[in-house]
Each structure stands twice: as C-alpha cells, then as structure tokens.
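Every number in this text was worked out from the coordinates using simple rules, so none of it is lab data. Here the structure is a predicted model, which means the values were calculated and not measured. Because the Cβ atoms are built from the backbone with ideal geometry, glycine has one as well, and the counts that use them run over all protein chains shown.
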Amino acid sequence: MIQIYNVCKAYQKESSALNDITLKIPKGDFVYLTGPSGAGKSTLLKLLYCAEKPSRGQILIDGLNITRMGPLKIPRLRRRLGVVFQDFKLLNSRTVFENVAFPLEVQGKKRYEVSKKVYQTLKMVGLEHKLQRHPLELSGGEQQRVAIARALVVDPLILLADEPTGNLDPEVTMEIMELFKGANARGTTVVLATHDREMIRRFPRRVVSLDGGRLVDDRTP
Ligand code: ADP
Ligand code: ADP
C-alpha cells in the first residue's frame, strides 16, 4: 500500500529531517511511527500526504508514484487519504455536520448522499447527536472524533495521524484509539505518529522508530 524507497528530506541545505528511509507498509497494516521530538515523524507523514516533497527517493501509494505526481493529481491522491492532526484543524465557524461534509462536497457528491454518509460516520464516532454544534462547544476528545469522522467519511485507503492524542487525557486517548482500531478492522491502513509509550503497550502493533531522521528500528509484536 505504501512503498518508501531511499527517501531523504532536507528543509535546509546542511540539516536533513529524513535520511535514507526505506519502508514498506502493506495494505491493512497498523503502524506506529515513533521516536523523540525532531526525529522526523511529522515530515514522513507530510511526504505521504504531499504537503512536502522528498529531496531524494521515491514514494508509491497504492502503486501510484507520488514523487513524480504533478499538482493536478494531488487532489485525487488526497481522496484516498484521511489525515488527523494533534490540533484537530477543524473549521470553527462551521458546524460539526459541515466539517464532516466538506470532503464529500469537494468530491461533488449529491446532497442526500452527503447527508446520509455524514450521519452514518458521525454515528460511528458517537457524535450524531451533536451535528449542529460548533467545534469550540465540544470537548477536546469530541473535537478529535469530529476530525476522525472527517478523515473517514471518504472511506480512505489510508489513515494518517500525527500525534492525534497529544492534547488528550489518557481515558479519552483510549476512546480515540478504539476508533483507529475500528477503521483498521474495516480494512483501512493506519499510520499513527506518537511518542505515547503507554498507548503502544496497551495496543501493541508494528512499531517503526525514527531517530535523527533515520529509521532505527522496525518490529512487529
Ligand atoms: P517529529 O515529528 O518527529 O517531531 P519533524 O518531522 O517535525 O519531527 O522534524 C524533523 C526535523 O526537521 C527537525 O529537526 C525539525 O526542526 C525540522 N523541520 C521540520 N519542519 C521544518 C520546516 N518546515 N522547516 C525547517 N525545518 C523543519
Ligand atoms: P505546518 O507545521 O507546516 O503548519 P501543518 O501540520 O499545519 O504543518 O499542515 C501541513 C500541511 O498539511 C498544510 O500544507 C495543509 O495544507 C495540509 N493539510 C491540512 N489538512 C489536510 C488534509 N486533511 N489532507 C491533506 N493535507 C492537509
């Protein structure tokens, strides 16, 4: 599903954020990306959702070489990806419903299809009763559920998450983890960047460790 070959990324000339990363993530895998702050976790995710370009190397997603892809094809790639961030990145002036509907509207889906799918997805994350609320009226955990619904509403092949529970307390973290587990059980490939050791201990899965931009460990329990 994800093939990364000898990828390097340098934002500036002297320092490299990623150094010669080669990594394969098969369809349906659940992978933690871990390592200390500055290790390159966010950078690797940004390369996968095309927010940054690698300085060297190739990345294939579902057989598509995204490193050679022109800007016109990026929206098509993003339709296959769901992305979740630590700070949620919701549109605070829009309702919960509107936030989750947004990716479907971008795809030009019909109004009744959008409503049905948004309702189903909000129900899956347990927030169907809050669809007319605005994000800032919700708790952090609820806001992250909305963000996960927005990521999952397009039935992505891959779900990328960058420290998704970094701002949440441990109990809420485990509830959020259940949503990632559920998506993975339904076939979505999950790549989750975290330095939360407790999360990895409670829910052991493949762990890819980065340090100083290098891949230093890759183990499956
Ligand atoms: P992590 O997510 O593991 O904390 P990052 O991928 O954010 O690591 O950062 C890896 C390295 O790249 C760090 O040294 C960081 O300072 C640097 N870096 C990240 N983003 C940028 C940027 N936009 N410009 C310059 N350097 C950056
Ligand atoms: P930065 O540290 O550069 O602010 P962010 O994590 O805020 O990095 O965002 C990086 C990039 O991710 C932005 O260019 C933004 O356009 C892109 N982005 C935000 N949301 C999504 C999404 N749902 N899918 C794909 N890309 C996204």
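Just to verify a result, which residue in segment 107-117, among those that are outside any helix (DSSP H, G or I) and within 16 Å of Pro156 (Cβ to Cβ), is nearest to ligand 2 (Cβ to nearest atom)? The qualifying residue nearest to ligand 2 (Cβ to nearest atom) is Gln107. In segment 184-209, the qualifying residues are those that are in a strand (DSSP E or B) and of a type in the set (S, T, N, Q), and the one that is nearest to the chain's Cα centre (by Cα) is Thr189. Of all the listed residues (Leu104, Leu64), the sole one being more than 22 Å from Thr194 (Cα to Cα) and either surrounded by fewer than 20 Cβ atoms within 10 Å (Cβ to Cβ) or more than 14 Å from ligand 2 (Cβ to nearest atom) (or both) is Leu64.
Listed by first and then second residue, the pairs with beta-carbon distance under 6 Å, at least 6 apart or on different chains, first residue in segment 70-87 and touching a residue at least 40 places away in the same chain (Cβ under 8 Å), second away from ligand 1 (no atom under 16 Å from the Cβ) and in a strand (DSSP E or B), are Leu81/Ile158; Gly82/Leu159. Within segment 21-37, can you find the residues that are in a strand (DSSP E or B) and farther than 11 Å from Thr220 by Cβ? Ile21, Thr22, Leu23, Lys24, Ile25, Leu33, Thr34 - these are the residues of segment 21-37 that are in a strand (DSSP E or B) and farther than 11 Å from Thr220 by Cβ.
Restricting attention to segment 24-45, the residues that are within 15 Å of ligand 1 (Cβ to nearest atom), of a type outside the set (Ser, Thr, Tyr) and under 18 Å from the mean Cα position of the chain (by Cα) add up to 8.
Among the residues of segment 1-20, write down those that are within 16 Å of ligand 2 (Cβ to nearest atom), surrounded by 15 or more Cβ atoms within 10 Å (Cβ to Cβ) and assigned to a loop (DSSP other than H, G, I, E, B). Of everything in segment 1-20, those that are within 16 Å of ligand 2 (Cβ to nearest atom), surrounded by 15 or more Cβ atoms within 10 Å (Cβ to Cβ) and assigned to a loop (DSSP other than H, G, I, E, B) turn out to be Ala10, Ala17. With more than 18 Å from Ile2 (Cα to Cα), more than 16 Å from ligand 1 (Cβ to nearest atom), out of contact with any Leu (no Cβ under 7 Å at 6 or more places or on another chain) and part of a helix (DSSP H, G or I) as the only criterion, which of Leu104, Leu90, Leu122 stands out? Result: Leu104 is the single residue among Leu104, Leu90, Leu122 that is more than 18 Å from Ile2 (Cα to Cα), more than 16 Å from ligand 1 (Cβ to nearest atom), out of contact with any Leu (no Cβ under 7 Å at 6 or more places or on another chain) and part of a helix (DSSP H, G or I).
Only a single item in (1) touching a residue at least 24 places away in the same chain (Cβ under 8 Å); (2) polar (S, T, N, Q); (3) surrounded by 14 or more Cβ atoms within 10 Å (Cβ to Cβ); (4) out of contact with any Asp or Glu (no Cβ under 7 Å at 6 or more places or on another chain) is not met by Ser42, and it is number (4). In segment 46-65, what residues are away from ligand 1 (no atom under 15 Å from the Cβ) and either touching a residue at least 60 places away in the same chain (Cβ under 8 Å) or part of a loop (DSSP other than H, G, I, E, B) (or both)? Listed by number, the residues that qualify are Ile61, Asp62, Gly63. Note on segment 148-183: residues that are within 15 Å of ligand 2 (Cβ to nearest atom), charged (D, E, K, R) and assigned to a helix (DSSP H, G or I) total 1.
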